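The values are calculated or read from the model by the stated rules, or taken from the named source; none is laboratory data. This structure is a prediction, so every number in the text was calculated from the model and none was measured. Please note: Cβ atoms are built from the backbone with ideal geometry, for glycine as well, and neighbour counts cover all protein chains shown. With ligands, DNA and RNA removed, areas are computed over all heavy atoms of the protein, side chains included. Shrake-Rupley method; radii C 1.70, N 1.55, O 1.52, S 1.80 Å.
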Amino acid sequence: MIKFKTVRFKNFGSFGNIFTELQLNKNATTLICGNNGSGKSFAFLDSITFGLFGKPFRKINIPQIVNSINNKQCLVEIEFSKGTDEYLVRRGLNPKIFEIFKN
């Protein structure tokens, strides 16, 4: 089973040049709440899907993922474990980055 630990991103959608981090292993469940249109789905679903698979969860064009003000250094990092192995997946745009680290 895959156990997600953290998701970090910057310059991703409307999020700026400072990393936003979601701790997913701090408690048994994680609640993300906010007003409609405040970026909950984008921060959670689209960041994880983009980080792992290179495309957003929802129908969003790839150029729309990069923050429109900074227009560079879009980066998503996902830390998770599977069995006894620890992984870090790093994916970004402008410049394109795709790295996988194990243990």
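For Gly13, state whether it is touching a residue at least 24 places away in the same chain (Cβ under 8 Å) and either among the small types (Gly, Ala, Ser) or loosely packed, with under 12 Cβ neighbours inside 10 Å (or both).
When the stated conditions are applied, Gly13 passes them.
Do any residues in segment 81-103 that are on the phi > 0 side of the Ramachandran plot have Cβ atoms under 8 Å from those of residues that are assigned to a strand (DSSP E or B), where the two are at least six apart or on different chains, and which pairs are they?
Asn94/Val66; Asn94/Cys74; Asn103/Asp85; Asn103/Glu86
Hey, can you tell me all the residues within segment 20-61 that are in contact with a Leu (Cβ under 9 Å, 6 or more places away or on another chain) and loosely packed, with under 14 Cβ neighbours inside 10 Å?
Matches in segment 20-61: Thr30, Ile32, Arg58.
Would you check which residues across segment 1-10 are open to solvent by 40 Å² or more (accessible area, probe 1.4 Å) and aromatic (Phe, Trp, Tyr) and list them?
Phe4
So is Phe19 among the aromatic types (Phe, Trp, Tyr) and within 24 Å of Met1 (Cβ to Cβ) or not?
Numbers: among the aromatic types (Phe, Trp, Tyr): yes; within 24 Å of Met1 (Cβ to Cβ): no.
For Phe19, the condition - among the aromatic types (Phe, Trp, Tyr) and within 24 Å of Met1 (Cβ to Cβ) - is not met.
Considering only residues that are in contact (Cβ under 8 Å) with a residue 40 or more places away in the chain, among the small types (Gly, Ala, Ser) and in a helix (DSSP H, G or I), which ones fall in segment 21-68?
Ser47, Gly51
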